[in-house]
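Notes to accompany the following structure.
Rule-based calculations on the coordinates, nothing more; no lab input. These numbers were taken from a predicted model, which means no experiment stands behind them.
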Amino acid sequence: MKTFKLSVLFIFLFTIISCGGKGEKKQAPNNNKRTETPKEIKPKVDLYSDIEASNDIDLSSNDAMKFSKEILKVEGGKKVKITFKHTGKMDKKVMGHNFVLLKKGVSMSSFGNKAASASSNEYIPEDTEDVIVHTKLIGGGEVTTIEFDAPAAGTYRFICSFPGHYAVMNGKFIVI
Ligand SMILES: [Cu+2]
């Protein structure tokens with residue numbers, strides 16, 4: 001009888017181990033999925049190639065502190081025209097916006113912090129050498145236009161320098 005009971009026990013244990021083995025095998029496809037995830041992220045990096053270069057840019061902002069575009073792409077060696085509109089209703093004293101194109105390597109936060117105290121000059125520090133070009137500060141319903149020569153090929157940052165805005169109101173300006 002004892003031998004029979006042991007045999008049953010062995011068969012029982014063998015079944016559990018086998019099932020366990022199958023369970024592990026089932027997890028294998030999940031591990032494969034993990035390695036597939038970076039492949040899915042890759043197109044995000046390539047997104048910029050989907051954006052066509054245009055040197056005649058329409059950019060807007062609103063009362064929710066948002067730029068309508070976060071990636072601007074232009075062709076080098078040509079003029080760039082930016083028509084910048086504030087589609088909100090709030091006054092520029094409380095929700096003013098501008099477009100400030102920073103030179104390469106300029107930190108958005110260090111410039112943004114300096115600019116916040118330049119209220120007498122529409123939040124552009126008067127002696128700054130950090131800026132390529134900027135628009136005037138506008139409030140709800142206003143539109144402003146600037147024209148300038150595209151800087152050298154590369155990626156630049158643009159921000160709104162109204163106090164507290166640069167952290168959310170910023171984007172990349174790409175010259176190809
Ligand atoms: Cu702003």
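At a glance:
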{"quantity": "Alpha-carbon gyration tensor eigenvalues x 5, square-rooted, for region 56-175, Å", "calculated": "21, 17, 12"}
{"quantity": "Subset of LYS73/LYS114; LYS85/LYS136; LYS66/LYS104; LYS103/LYS136; LYS66/LYS103 violating a 20 Å alpha-carbon distance limit", "calculated": "LYS73/LYS114; LYS66/LYS104; LYS66/LYS103"}
